[in-house]
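Colleague: This is the structure I want to talk about, given as structure tokens.
No lab work stands behind these numbers, since they all come straight from the coordinates. The shown structure was predicted, so the numbers you read here are calculated from the model rather than taken from an experiment. No Cβ is skipped: glycine too gets one built from the backbone with ideal geometry, and neighbour counts run over all protein chains shown.
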Amino acid sequence: GIQVEQSPPDLILQEGANSTLRCNFSDSVNNLQWFHQNPWGQLINLFYIPSGTKQNGRLSATTVATERYSLLYISSSQTTDSGVYFCAVESRDDKIIFGKGTRLHILP
Amino acid sequence: DGGITQSPKYLFRKEGQNVTLSCEQNLNHDAMYWYRQDPGQGLRLIYYSQIVNDFQKGDIAEGYSVSREKKESFPLTVTSAQKNPTAFYLCASTRGSGNTIYFGEGSWLTVV
């Protein structure tokens, strides 16, 4: 089946720093989404981005489907950005598969 | 409000008992999914369903069962055959292939 790899697994940054999270996938996909999981376990939709670039405030994402990767950019990090960021892809057989996530710690 | 409701939020069960987790959505979505998350880990797919009365096994279906008798409901039963059932369980739904996926708030299952 399709493999989804996220990097780095852990990232510690000072408040105000910028970060780039990466998601690689092993096959063509119908869909790609980025999520933020808060400390209570809730998954928050960040971007639906099967291709192209989108921006929402301090966050932006780019997916290059032909090269099978997506990037999530976080600028001017705040402590509330801490948590786990997941990439999820929808394979051609309609499975939605998650990467193992990037755990982000923003220090005040 | 439209959304996905999972219940119960917290559940404790004795080893050897079956337990059913509820997932209801009023988004009129066709596809529904169940995931398991262990502490510090990613989400792993248990079962998914694209239409009523049809469902497919995900990557870790052993020890679990589901039904999809109604479009809005996709209950998950954790059976006594599941060796390590203690985990956080998440239900999700989408309009169908190529659409945004939405999640419920999850159910924490502890088996003692």
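Colleague: What list of ³J(HN,Hα) couplings, whole Hz, do you get for region A:6-15 from phi and the Karplus terms 6.51, -1.76, 1.60, once you set θ to phi - 60° and write x for glycine and proline?
Modeller: So the Karplus estimates, Gly and Pro as x, are 10, 8, x, x, 9, 8, 10, 9, 7, 3 Hz.
Colleague: Evaluate peptide A:92-98: per residue, the Cβ atoms of other protein chains within 10 Å of its Cβ; return the mean as an integer. Intermediate results must be reported in sequence, preceding the final value.
Modeller: Details: counts 1, 3, 10, 6, 11, 6, 7.
Per residue, the average neighbour count from other chains is 6.
Colleague: Could you pull out the pairs from B:14/B:71; A:54/B:70; B:14/B:83 whose alpha carbons sit more than 24 Å apart here? Mind showing how you got there, number by number?
Modeller: Numbers: B:14/B:71 31 Å; A:54/B:70 36 Å; B:14/B:83 13 Å.
Going by Cα-Cα distance, B:14/B:71; A:54/B:70 fall outside the 24 Å limit.
Colleague: Further question: Using Cβ counts within 10 Å as a stand-in for footprinting exposure, how do A:62, A:53 rank, fewest first?
Modeller: On the way: A:62 17, A:53 13.
With the fewest neighbours first, A:62, A:53 line up as A:53, A:62.
Colleague: Right, something else. Over the alpha-carbon set of chain B, divide Rg by the Kirkwood Rh and report the Rg/Rh ratio to two decimals. Don't jump to the answer; show the numbers that get you there.
Modeller: Details: Rg = 13.1 Å, Rh = 13.9 Å.
That ratio equals 0.94.
Colleague: Across peptide A:34-42, how many C-beta atoms of other chains are within 10 Å of each residue C-beta, on average?
Modeller: Working: counts 0, 3, 0, 6, 0, 0, 2, 9, 5.
Partner Cβ neighbours, averaged per residue: 3.
Colleague: Now for a different question. Comparing A:17, A:88, A:61, which has the greatest mean-square fluctuation in the GNM of chain A with Cα pairs linked when under 10 Å apart?
Modeller: A:17
Colleague: Using 7 Å Cα-to-Cβ label points, what is the residue A:67/residue A:80 separation (nm, one decimal)?
Modeller: 3.3 nm
Colleague: Mind giving me the FRET efficiency for residue A:51 and residue A:14? R0 is 41 Å, r the Cβ-Cβ distance, nearest 0.05 is fine. The partial results should precede the final answer.
Modeller: Details: r = 33 Å, r/R0 = 0.80.
Once the sixth-power term is evaluated, E becomes 0.80.
Colleague: So what is Rg over Rh here for chain A, counting just Cα atoms and using Kirkwood for Rh? Intermediate results must be reported in sequence, preceding the final value.
Modeller: Details: Rg = 13.3 Å, Rh = 13.8 Å.
That ratio equals 0.96.
Colleague: Provide, in order from the shortest bin, the percent of all Cα-Cα pairs of the protein assembly as shown in each 5 Å bin, continuing until the bin that contains the maximum pair distance.
Modeller: With 5 Å bins starting at 0, P(r) equals 1, 7, 15, 19, 19, 16, 12, 7, 3, 1, 0.
Colleague: With the contact rule set at Cα under 8 Å and sequence spacing of 6 or more, what percent relative contact order holds for chain B?
Modeller: Values: 289 pairs, mean separation 39.2, N = 112.
Contact order relative to length: 35 percent.
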